[in-house]
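Undergrad: Here it is, the structure, as structure tokens.
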Amino acid sequence: MSLTQRVLAGSLAIVVLLALLVVYVSDRRLENRLVHDTVDQLAREARLVSGQWRPGIDTDSLADDVGKHLSRRVTMVDTSGRVIGDTDFDGGALAALNNHLTRPEIIDARAKGMGWSRRRSASAGDEELYVAIQAPYGFARISMSTRTLGEIVGGAQRDVLIAAAFAVLVAIGLAGLFARGVSRPIVALRDVARSLAAGDLGRRPELTAAGEVGDLADALSRMAEQLETRLTALQQDDTLMTAMVESLNEGVIAVNTSGQVIRMNPSARFLLGIRDTIPFPLTQLPRDRVLRDALARGLSGGSSDPAECIVGGRNLAVTARPLKDGGAVLALLDLTPFRKLEAVRRDFVANVSHELRTPLTVINGFAETLVEDETLSGERRRFAEMIRSNARRMQGIVDDLLDLSRIESGGWKPEPRPTDVAPIARDVAAALRAVVDARGVDLCLELDASREVYADPTAVTQVLTNLVSNAARHTSSGAITIFSQPSVGGVVLGVRDTGIGIAPEHLPRIFERFYRVDEGRARDAGGTGLGLAIVRHLVEAHGGHVVAESTVGKGTVIRAFFPSPA
């Protein structure tokens, strides 16, 4: 049903209800008014009859004469209630009438001087209106049929109904005009709103009206302008974002809460070998455990750290982040070129190291021979010592490079087992005692009661050797301490010194190969720059990690965590 029809129907219903109410109220009031006026008139006529009632007069004849002139039924009742005169009854019929002292109007007239009642007459058979007046010799009663009153009320009802019908017709016409006037601008605004909802943001209300409808039209027009401005800005942002995502070398995948891939840039399609049209289910993605675990974590509301996997022969770094309203974004970084470069670098370092080992061995051997030759002069002996020292240092670098390459390439695999740290720590301390004593530093052991770590004994030996050697090169007073202590899920082995310390900006990089905090000092001390890198790789090969803490001028602590077996 349209707005015009609803307004018209509502108005019509109100008018009809009001008309019926007016008819009902007017009928009741008119009927009551007629009854009271008729009672007053009949009372006056009864008083007229009472005034003509004299002793010795024929009351029946009096009733007949008055009733004839007034066109009323006149009844004369004596004080005992016997009817002694009646317009409608004579002779024996008159004498047969019942005693009237029990009639309501007679009872009221006896008590108040005048009484009336409306009831069906036992003698006449129709409804009558009775009015009785107390007279000196009894009661004078005049009655009339209520049919006359009904005809008057019926005529008035017809007149009122005709007037009401006319009013309803007029109201329908006025309501129709009003409904059209109200609904026409609202319908126009509805059409504009539907057009805006359908995407036609150029549509504007054309009507101009006063009051609330005009305010609504202005508000709708302003809303349309704001929507157009914001939608244009959103479209520009979306275009820019799409262009940026599409141009990334990294793969980007967006997944909704229903497990559907809803966005994927060309790099992601290339890296994963996907050709399906978006959207498509997650089951179409490669079945790699790292990839699926990252997606599951992102969809559950968590973030995943970068994890490496191999998909289609490519090394990919996978990272997942949850979306604010549900779903997740998966980022893919192609590490294949870097891994190839690392492999080339490892091979190059290994090959060079192997090629350098033989000539360095020869140089070192001849240098030692020259140093031991007693015929050499002091200057030549000093040169030979320098050749031997640098050859040994280069040989140490080559050995460390070969160890590091073997670990990184997977050529060396740890064989962890329960290992007592105490004998290994004592052996390392004994092997490096001379170096430490030459620096004037004490070497101490602080081992936990259990002293057992789940690791490869050879790896533990090399870790402690490198850490103590590194500490000795940077400590000139105080003490170097080898310690072990239990930790959650494993055991910590470490070395603590009282050396020069490391500045905070250098700490994150000290485990990189060839990184030196002080280039000149480290080189003079004989360091290769590879010891801490080897330590890190050895510990990580066991599934552990290495942490360094240091304060400049106070010393350094390096802890290596070895996990317990699962």
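Undergrad: Please specify each residue of segment 235-260 satisfying the condition of being modelled with pLDDT under 85 and aliphatic (A, V, I, L, M).
TA: Leu240, Met241, Ala243, Met244, Val245, Leu248
Undergrad: Sticking with this structure for a sec: For segment 318-373, how many residues meet the condition of being of a type in the set (Ser, Thr, Tyr), touching a residue at least 24 places away in the same chain (Cβ under 8 Å) and either outside the structural domain of Gly302 (by TED's automatic domain parsing) or exposed (fewer than 14 other Cβ atoms within 10 Å of the Cβ) (or both)?
TA: 2
Undergrad: For segment 1-49, what are the residues that are hydroxyl-bearing (Ser, Thr, Tyr) and modelled with pLDDT of 70 or more? Spell out the reasoning first.
TA: We begin by selecting, within segment 1-49, every residue hydroxyl-bearing (Ser, Thr, Tyr); these are 2, 4, 11, 24, 26, 38.
The answer is Tyr24, Thr38.
Undergrad: Residues in segment 539-564 that are buried (at least 20 other Cβ atoms within 10 Å of the Cβ) and among the hydroxyl-bearing types (Ser, Thr, Tyr): how many?
TA: 2
Undergrad: Anything in segment 143-160 that is surrounded by 15 or more Cβ atoms within 10 Å (Cβ to Cβ) and hydrophobic (A, V, I, L, M, F, W, C)? List them, or say none.
TA: Met144, Leu149, Val153, Ala156, Val160, listed by residue number.
Undergrad: Here is a further query. Need a quick list: strands (runs of 3 or more DSSP E) entirely within segment 268-360 having at least 2 residues that are β-branched (Val, Ile, Thr).
TA: 307-311, 314-322
Undergrad: Based on this model, can you work out whether Ala140 counts as part of a helix (DSSP H, G or I) and surrounded by 16 or more Cβ atoms within 10 Å (Cβ to Cβ)?
TA: The answer is no for Ala140.
The values are calculated or read from the model by the stated rules, or taken from the named source; none is laboratory data. Keep in mind that what you see is a predicted model, and the values were worked out from it rather than measured. Methodologically, a virtual Cβ is constructed for each residue, glycine included, from the backbone with ideal geometry; neighbour enumeration extends over all protein chains shown.
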